[in-house]
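Below: one structure, written as structure tokens.
Every read-out reported here was derived from the displayed coordinates using simple, explicitly stated rules and does not represent laboratory data. Model, not experiment: these values are computed from the prediction. As a convention, Cβ positions derive from the backbone with ideal geometry for all residues, glycine included, and neighbour counts pool all protein chains shown.
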Amino acid sequence: MKALLALMALALAAAPAAAATPTQDRAAILRSIDRMEAAWNRGDFKGYMEGFKNPDVIFVSGGKFQKDWQGTLDHYVRDYGGSAERRGKLHFYNMKVDIIGPDAAMLIGQYRLVRGKRVTEGVNTRLFRKFGGKWLITMNHVSAYDVEPTPSALEAR
């Protein structure tokens, strides 16, 4: 009897885990975006970068390619590091996630970055791939523009 129970336990442990539903996958991706936003806002750029595939994420911004994961982290530290004012407050919103396969999803959404009186808004297009059950951004394209600061834009800080 013990041998039968041990064999059943072994079979259950070896069985593949049930695939996540599209709803669960969307929720996991949006939780990742929430963690990234929180990391940015506390000045944890490495924590922010945990949402990206390391080392070979493709990152495009301002019509240019960043080198790779480390190049993107270096860019954030160089251009946004040092103080809360310089980093600004980041907010992602209007996120739309399309599950395009069991291990692939596309996200398009907007963001607002308020750095003092400078307000930048933009659109992120992100390809997510699932590695070992974890969704990571493998391609990120940002289109951004500065907006005139208004009292309502500055209140969004």
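What is the Rg over Rh value, at two decimals, for the range 21-155, using alpha-carbon atoms and the Kirkwood definition of Rh?
We get a ratio of 0.96 for the range 21-155.
Run the numbers on the range 21-155 and let me know its relative contact order in percent, using alpha-carbon pairs under 8 Å that are six or more apart.
Over the range 21-155, the number comes to 22 percent.
Quick check: from the Cα gyration tensor, does the range 54-128 come out rounded (a/c under 1.5), prolate or oblate?
Oblate shape, in that a/c is at least 1.5 and b/c is the bigger or equal ratio.
Label Ala104 and Gln70 with points 7 Å out from Cα along Cα→Cβ: what is the distance between them in nm?
So the two model labels end up 2.9 nm from each other.
Ordered by residue, what ³J(HN,Hα) values in Hz, to whole numbers, does the range 57-72 give under the Karplus form 6.51 cos²θ - 1.76 cosθ + 1.60, where θ = phi - 60° and Gly and Pro are x?
Here the 3J(HN,Hα) series is 5, 9, 10, 10, 8, x, x, 10, 8, 7, 4, 5, 4, 5, x, 5 Hz.
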